[in-house]
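Engineer: Below are the structure tokens for one structure; questions will follow.
Coordinate-derived values only; no laboratory data. Predicted model, so just to flag it, every value in this text is computed and none were measured. Note: ideal-geometry Cβ built from the backbone for every residue, glycine included; neighbour counts use all protein chains shown.
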Amino acid sequence: MRLTRRVAGCAAVLLGAALAMSLPAATAASSATDIAATAASSTTGIAAQAEPGVVDVVEVSGYLDPIMADFIERSIDKAEADGSLGLVLQVNSSRATVDDQRLRDLADRIVGAGVPVTMWVGPSGAEARGGVGQLAGVVTDLALAPGSELGDLGPSILPAEHLTETFAQAYPSMRSSVVSSAEAIELGLARQAPTLPFFVLDLPGFETEIDESGDKPLRVPVSQVRFAKLALLDQFMHVAASPAVAYLLFLVGAGLLVFELYTAGVGIAGGIGALCFVLGCYGLAALPTRGWAVALLLVAMFGYAVDIQIGVPRVWTVIATVCLVAGSLTLFEGVLLSWITLLAGIVGVFAGMVAGMPAMVRTRYGTPTIGRDWMIGSLGVARDDVDPEGVVVIDGAPWRARTQRATPISGGESVRVMALEGLILTVEPADPEDGSTDDSEAANAP
């Protein structure tokens, strides 16, 4: 039975290897993940406890944050406990967001691991930059897929004794620039491996055999490959700590909380807003975020809320918009958000706060009656100066208004509604003796 399972696993990997060698390099590189997944699925019936002849593969994508660093260390522990042949880090990461000491601790764990820890930067187009690129100098074997890059390492963080001699010599040339896969191979930093199966086949201790059943002899794997990924919750938190997601979650959460201020009671919007805001704060805390830029975003939300309460965009809307743009453009240190993300965040918040929220407030505090002709002739009070536009209080609800015949009205004066155009009233000064109103207290309310 054991032999049958091994044959089944080998057949799956054999199919992947045969397909990879029959495809052009770029296509083979792009299909590495699919080939690897096929090999992994063939081993699902094997007992969880690894047997000798197993290589573990861990995917390191996105930023190297605390969640990913902990996952790598746990994977090393498991590989040691299971007696694996080694641990392969499949890397596509442009930055490490953990602090310098945490990165050094991770490097120490890799260097002191009881199993060989290797790295494959792939598939094609992948990169290893910053602190993640520095970890490439401490692994026992390094390979790059065609089209991948290594470099832009920044100031040295890891102890010099941890780096391989070749990597230490090439470090100055990669401090602020990147090298291609061909250049890395030429410098002696890495070997070429177009796909993950090609990389794994040449690892020390990985068993293979020659299959001569076909037209040509073919080298096929005997050892098994086991893949590991982040748990579902860890994946969720890892995604939340990416720049674009953290930025949008923060804005959406803050916007929904402002929306909740103008609704009766706590509703679904408030709950969703609180969750988004907390996740956004977590993501910003895990990223290289500028605190004063976060403060600008909060000032923007406050400014929009002030003018929503007033009912018309005024000076606070201008201040809020400037703070929103400035905070969005400078939010992260060394990380630029894409223009699509910035457009979604800035335009979305501006449109919601300037157009959507005031309409919602008027709907909430206004009359539910569709026909509003009854308002013509009604008396009210100017909340502030109407010259030529401002806010008046009619029947307890704030309304945008403009004066008739450009006659200015001071705050606190009585007004009479003369016409209604859309959601904007046309008013004129009213004689206080025409009738008392109950809106004087509402006009003085914040």
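Engineer: Could you pull out every residue, at least 5 positions away or on a different chain, whose amide H is within less than 5 Å of the one on Phe227? Hs are placed 1.01 Å off N in the peptide plane, and Pro or chain starts have none.
Structural biologist: Amide H neighbours of Phe227, under 5 Å, 5+ apart: Val57.
Engineer: What number in nm² do you get for region 133-229 if you take the convex hull of its Cα atoms and divide its surface by four?
Structural biologist: Quarter of the Cα hull surface area: 8.2 nm².
Engineer: Ok, one more. Sort 236-243, 191-198 by packing, meaning the average of other beta carbons within 10 Å per residue, with the highest value first.
Structural biologist: Sorting 236-243, 191-198 by mean packing, highest first, produces 191-198, 236-243.
Engineer: Computed FRET efficiency, Cβ-Cβ of Arg290 and Ala81, R0 41 Å: what is it to the nearest 0.05?
Structural biologist: 0.45
Engineer: Further, regarding this structure: Got a sec to turn the phi values of region 98-112 into Karplus ³J(HN,Hα) couplings, 6.51 cos²θ - 1.76 cosθ + 1.60 with θ = phi - 60°, whole Hz, x for Gly and Pro?
Structural biologist: 6, 6, 4, 5, 5, 5, 5, 4, 5, 4, 4, 5, 5, 5, x
Engineer: Quick one: which of 318-326, 297-305 comes out on top by average Cβ neighbours within 10 Å, and what's the full order, highest first?
Structural biologist: The packing order, highest mean first, is 297-305, 318-326.
Engineer: Let me ask something else about it. Take the Cβ-Cβ distance between Ser173 and Asp108 as r, set R0 to 41 Å, and report the resulting FRET efficiency rounded to the nearest 0.05.
Structural biologist: 0.95
Engineer: Across region 60-123, what fraction of all alpha-carbon pairs, as a whole percent, falls in each successive 10 Å bin from zero upward?
Structural biologist: Using 10 Å bins, I get a P(r) of 22, 55, 22, 1 for region 60-123.
Engineer: Taking only C-alpha pairs under 8 Å that are 6+ residues apart, what is the relative contact order of region 241-365 in percent?
Structural biologist: 28 percent
Engineer: Quick check: from the Cα gyration tensor, does region 87-187 come out rounded (a/c under 1.5), prolate or oblate?
Structural biologist: Rounded is the answer for region 87-187, as its axis ratio a/c remains below 1.5.
Engineer: When the Cα atoms of region 241-365 are enclosed in a convex hull and the volume is divided per residue, what value in Å³ results?
Structural biologist: Per residue, the Cα convex hull of region 241-365 comes to 87 Å³.
Engineer: When ranked by the protection proxy of mean other Cβ atoms within 10 Å per residue, highest first, what sequence do the peptides 161-174, 138-151 form?
Structural biologist: 138-151, 161-174
Engineer: Could you give each residue of region 178-185 its phi-based ³J(HN,Hα) in whole Hz, using Karplus coefficients 6.51, -1.76, 1.60 with θ = phi - 60°, and x for Gly or Pro?
Structural biologist: 10, 10, 6, 4, 5, 5, 5, 5
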